[in-house]
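The values are calculated or read from the model by the stated rules, or taken from the named source; none is laboratory data. For clarity, every value in this text was computed on a predicted model and none was experimentally measured. Don't worry about glycine lacking a Cβ; one is built from the backbone with ideal geometry, like all the others, and counts go over all protein chains shown. To get the accessible areas, we keep the full protein, side chains included, count just its heavy atoms, and leave off ligands, DNA and RNA. Shrake-Rupley method; radii C 1.70, N 1.55, O 1.52, S 1.80 Å.
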Amino acid sequence: MKIAIVGAGAMGSRFGYMLHKAGNDVVLVDGWPQHVENINQQGLIVDDNGVETVAKIPAMFPEDCHEVPELIILFTKSMGLKKMLQDIQPMLGQNTKVLCLLNGLGHSETLKEYVPAENILMGVTLWTAGLQGPGHVVLSGDGNIEIQNVDPKSQAAAKEVCDVLTQAGLKAQYSENVIFSIWRKACVNGTLNSSCAILDCNIKEFGELSEAGSLIRKIIQEFAAISKTDGVILDVEEVAQGIEAIYDPDQAGAHYPSMHQDLVQNHRLTEIDYINGYVARKGQELGIATPYNQLLTTLVHAKEELLIK
Ligand code: NAD
């Protein structure tokens with residue numbers, strides 16, 4: 001399949017590499033000059049579970065892409081999505097399917113401004129990836145993907161994309177309720193990412209705090225109040241216990257969530273406005289109290305101001 005990975009950072013590079021290796025015609029589209037340059041000059045360097053390989057995948061800037069692919073996989077950061085969708089207009093053919101796998105909430109509304117509903121596929125993934133530097137991606141661990149079409153007419157297209165991803169080892173499953181999974185994952189990010197970034201700790205250290213149990217339940221209650229207005233019923237206790245299960249160092253305990261990596265370690269802006277910030281904003285619009293999510297959003301923005309010069 002002819003596939004463009006749009007937003008080819010850590011996750012885009014993982015997906016691009018695995019799909020290329022499986023024989024698909026892949027292009028990496030990204031706006032980071034050093035990254036694009038390195039990939040084109042030396043190939044994408046991939047540390048694949050400790051084994052280093054070089055993948056010869058073409059990389060391009062969004063403004064230089066004029067070919068129309070069959071599938072676009074979006075992997076920008078949330079705050080880069082809108083601008084990227086504006087920049088890739090020439091790539092959006094009448095039948096180009098656009099799969100969004102970003103973390104965070106509200107992305108389907110943004111996509112609908114630029115892509116016809118019948119071409120939008122929404123998904124959620126448990127794969128991970130990291131960048132060692134421009135043009136150098138590090139892959140470890142296992143993952144999977146859930147995907148669903150936004151328009152009921154496009155179920156066959158969603159299933160075909162699942163097959164292409166699965167053939168590349170990415171383990172994609174068709175979901176009957178992907179919006180539930182997106183909200184559920186947003187709860188994990190909305191409790192652990194923002195808290196660990198503010199407190200400068202890893203997941204295990206956060207879980208050991210005497211207030212951790214009460215804090216995550218207060219945050220999730222607010223997520224559940226807003227998700228209900230989107231037709232998604234979250235069981236607060238089930239979600240909380242799912243989060244508590246990963247405090248174990250054999251699970252994700254030793255991990256510093258991506259918001260900690262972005263903000264504290266790399267001094268980059270975070271996706272807070274699309275996680276806790278989304279819940280706080282919707283709460284204000286709908287007259288639903290969301291004080292915990294409002295405060296977390298304010299504190300993360302304050303820390304961005306302190307750390308990003
Ligand atoms: P990323 O930060 O690696 O890449 C996003 C964009 O930032 C790319 O355009 C990339 O080229 C650019 N970029 C990265 N490092 C840069 C630097 N040092 N200087 C300048 N530009 C830089 O983002 P990601 O981790 O691939 O995440 C993409 C989406 O997938 C996000 O919504 C994220 O929450 C989600 N996600 C990430 C992971 C993960 O393990 N990384 C897992 C699941 C979901």
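Tabulated data
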{"quantity": "Checklist (1) touching a Lys or Arg at 6+ places or on another chain (Cβ under 8 Å); (2) under 25 Å from ARG184 (Cα atoms) applied to VAL137, failing item", "calculated": "(2)"}
{"quantity": "Candidate set: segment 141-179, residues that are touching a residue at least 40 places away in the same chain (Cβ under 8 Å), part of a helix (DSSP H, G or I) and of a type outside the set (Gly, Ala, Ser); chosen: the one farthest from LYS21 (Cα to Cα)", "calculated": "ILE179"}
{"quantity": "Any chance GLY31 is in a loop (DSSP other than H, G, I, E, B) and farther than 19 Å from CYS100 by Cβ", "calculated": "no"}
{"quantity": "Out of GLU37, GLU109, GLU52, sole residue that is among the charged types (D, E, K, R), open to solvent by 60 Å² or more (accessible area, probe 1.4 Å) and in a strand (DSSP E or B)", "calculated": "GLU52"}
{"quantity": "Condition check for LEU209: open to solvent by less than 30 Å² (accessible area, probe 1.4 Å), modelled with pLDDT of 95 or more and part of a loop (DSSP other than H, G, I, E, B)", "calculated": "no"}
{"quantity": "Scan of segment 264-286 for residues that are in a loop (DSSP other than H, G, I, E, B) and open to solvent by 70 Å² or more (accessible area, probe 1.4 Å), ordered by number", "calculated": "ASN266, HIS267, ARG268, LEU269"}
{"quantity": "Number of positions in segment 112-146 that are out of contact with any Leu (no Cβ under 8 Å at 6 or more places or on another chain), more than 16 Å from the ligand (Cβ to nearest atom) and open to solvent by 70 Å² or more (accessible area, probe 1.4 Å)", "calculated": "2"}
{"quantity": "Considering residues of segment 89-106 that are within 19 Å of the chain's Cα centre (by Cα) and not in a strand (DSSP E or B) only, the residue surrounded by the fewest Cβ atoms within 10 Å (Cβ to Cβ)", "calculated": "GLY106"}
{"quantity": "Of residues in segment 222-236 being surrounded by fewer than 18 Cβ atoms within 10 Å (Cβ to Cβ) and not aliphatic (A, V, I, L, M), the one nearest to CYS187 (Cα to Cα)", "calculated": "ASP235"}
{"quantity": "Residue in segment 59-78 that is in contact (Cβ under 8 Å) with a residue 40 or more places away in the chain, within 16 Å of the ligand (Cβ to nearest atom) and polar (S, T, N, Q) present", "calculated": "yes"}
{"quantity": "Pairs, first within 8 Å of the ligand (Cβ to nearest atom) in segment 32-43, second in a helix (DSSP H, G or I), C-beta under 9 Å, six or more apart", "calculated": "HIS35/SER13"}
{"quantity": "Yes/no for ALA8 being within 14 Å of the ligand (Cβ to nearest atom) and in contact (Cβ under 8 Å) with a residue 24 or more places away in the chain", "calculated": "yes"}
